[in-house]
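Notes to accompany the following structure.
Readers should treat all values here as calculations from the given coordinates under stated rules, not as data from a laboratory. Remember, predicted model here, so these are calculated numbers, not experimental data. Cβ placement follows ideal geometry from the backbone for every residue including glycine, while neighbour counts extend to all protein chains displayed.
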Amino acid sequence: MDRTLTLLGIESSCDDTAAAVVRLTPGLPPEILSSQVLAQTNLHAAFGGVVPEIAARAHAERLDSVVEEALTVAGVGLDALDGIAVTAGPGLIGGVLSGVMLARGLAAARGLPLMAVNHLAGHALTPRLTDEIAFPYLMLLVSGGHCQFLLVEGVDRFRRLGGTIDDAPGEAFDKTAKLLGLPQPGGPAVEGEAMLGDPKRFAFPRPLLDREGCDMSFSGLKTALLRARDSLIVAHGGLTVQDRRDLCAGFQAAVAEVLAIKTDRALALSGPVTALAVAGGVAANKPIRAMLETVSTRHGTPFLAPPLRLCTDNAAMIAWAGIERIRVGILPSSDFAARPRWPLDDTAPALLGSGKKGAKA
Ligand code: KG4
Ligand code: ZN
């Protein structure tokens, strides 16, 4: 493909309403002309998780203005687009449908090619948007809704080497924060407390290390934290500031160690790769990031963490996945279904955990 491609991306599979314009000019690095993300955090805050009906309605109400904003910021009209890429799953189906309907309408009205994109493929191909790395590479997706190791072999070739069998780590961070009376999202709050705590005071479990391969489990960790908290409350009538810090530090150390050990195994399983790349909100956690980088370096594999705004949910990754697909000759089509579940690797056994943000694999 030797022509410039400018795509509009639309993402609405969870609790972020997002639109972006990305351009690829032959011989130049990809350009993100705009990437607008409107979070719904405040709409769901009172419910302790994402409420699918509220999310779907908010997407439907806001998508057209977010798309308009993305086009305005990019300085690109609909006529200048070469196509539209939209998240067609996996995710909360009401939200996915809102995005798909808007994309279909725009594409039909303007005669634009339409590309259905798997949200996970968007995350998995992001290191090629930010760093133009070559296949194959290992991707660790680690957020509130995802946790899996993907060997990315091509634009449309992914092998899932393992993943969580229950909660995603971000979900465990959020639940931990809730149990300790810390604000949401829990990750940054727990990380902040953990900095001042003793990671060795509480011996939290490292689940599934005795199981071969790189599947993970995080729900037992949250139960262990609940028990430790409750026994402190029974013994002392409450938690001290230091108790809370130590609980956070112990919990974070357990998550970091499980991720590091399983990453080590995933790198051994994957064979030679060009990089270990991370995506997802949990990749913002500094001690976790540092441990993953150490493991990667030990394997002689470059470590890549795209900027956080491109690690978390956004539409630039969807536009980019659309460009990648067009570039290798995959034909656009408006004949596709919105899918709540859509594993990238059909050959891998289904993951049991669905995550608080809806089924993701
Ligand atoms: O990728 P993301 O924005 O959304 C999806 O889940 O798809 O990730 C959000 C998750 C939340 O659970 C949040 O608590 C977690 O990422 N997170 C963190 C940190 N920052 C965000 N977890 C641990 N440490 C952090 N610094
Ligand atoms: Zn995501």
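Computed from Cα positions, the angle between helix 119-131 and the longest principal axis of the chain comes to roughly 80 degrees. Measuring spread by the Cα atoms of the chain yields a radius of gyration and Dmax of 20.5, 70 Å. The alpha-carbon positions of the range 311-350 define a convex hull whose volume is 133 Å³ per residue. By DSSP, what percent of the beta bridges with both residues in the chain are antiparallel, rounded to the nearest 5? Around 65 percent of the beta bridges assigned by DSSP in the chain are antiparallel ones.
The range 298-318 and the range 161-185 have Cα centres spaced 20 Å apart. Annotation: amide H-H contacts under 5 Å for Asp16 (H modelled 1.01 Å from N, sequence separation of 5 or more, or interchain): none.
Per residue, how big is the convex hull around the C-alpha atoms of the range 137-305? Give it to me in cubic angstrom, could you?
Considering the Cα atoms of the range 137-305, their hull volume per residue is 102 Å³.
Given axes a ≥ b ≥ c from the Cα gyration tensor, I'd like to know whether the range 63-177 is rounded (a/c under 1.5), prolate (a/b larger than b/c) or oblate. Prolate is the answer for the range 63-177, as a/c is 1.5 or above and a/b outweighs b/c. Along each principal axis, taking the top coordinate minus the bottom one, the Cα set of the range 206-361 gives 65, 39, 31 Å in descending order.
A crude spin-label estimate for the pair Leu209 and Asp156, with each label 7 Å from Cα along the Cβ direction, gives 4.2 nm. Coupling constants for the range 171-176 follow from the phi torsions by the Karplus curve (6.51 cos²θ - 1.76 cosθ + 1.60, θ = phi - 60°), and in residue order they are 5, 5, 4, 5, 5, 4 Hz; glycine and proline get x.
Taking every DSSP bridge with both residues inside the range 137-305, close to 65 percent are antiparallel. Given +1 at the Cβ of Lys and Arg, -1 at the Cβ of Asp and Glu and no other charges, the dipole of the chain around its Cα centre is 580 debye to the nearest 20.
Against the chain, whose longest principal axis comes from its Cα atoms, helix 316-327 is set at around 50 degrees.
Label separation (Lys286 vs Asp79): 5.1 nm, computed from points 7 Å beyond Cα along the C-beta direction. Rounded to 0.05, the FRET efficiency of the Val234 and Phe47 pair, given R0 = 35 Å and the Cβ-Cβ distance, is 0.75.
Calculated mean residue ellipticity at 222 nm for the chain: -14000 deg cm²/dmol, from DSSP H runs with n ≥ 4 weighted as -39500 (n - 2.57), summed, divided by the residue count and rounded to 500. Summary of the geometry: the range 235-293 and the range 89-147, compared by the centres of their Cα atoms, lie 26 Å apart. Among Ala124, Leu221, Ala39, pick out the residue whose Cα is farthest towards the positive end of the charge dipole of the chain, where Lys and Arg carry +1 and Asp and Glu carry -1 on C-beta, about the Cα centre. Towards the positive end, the residue furthest out is Leu221.
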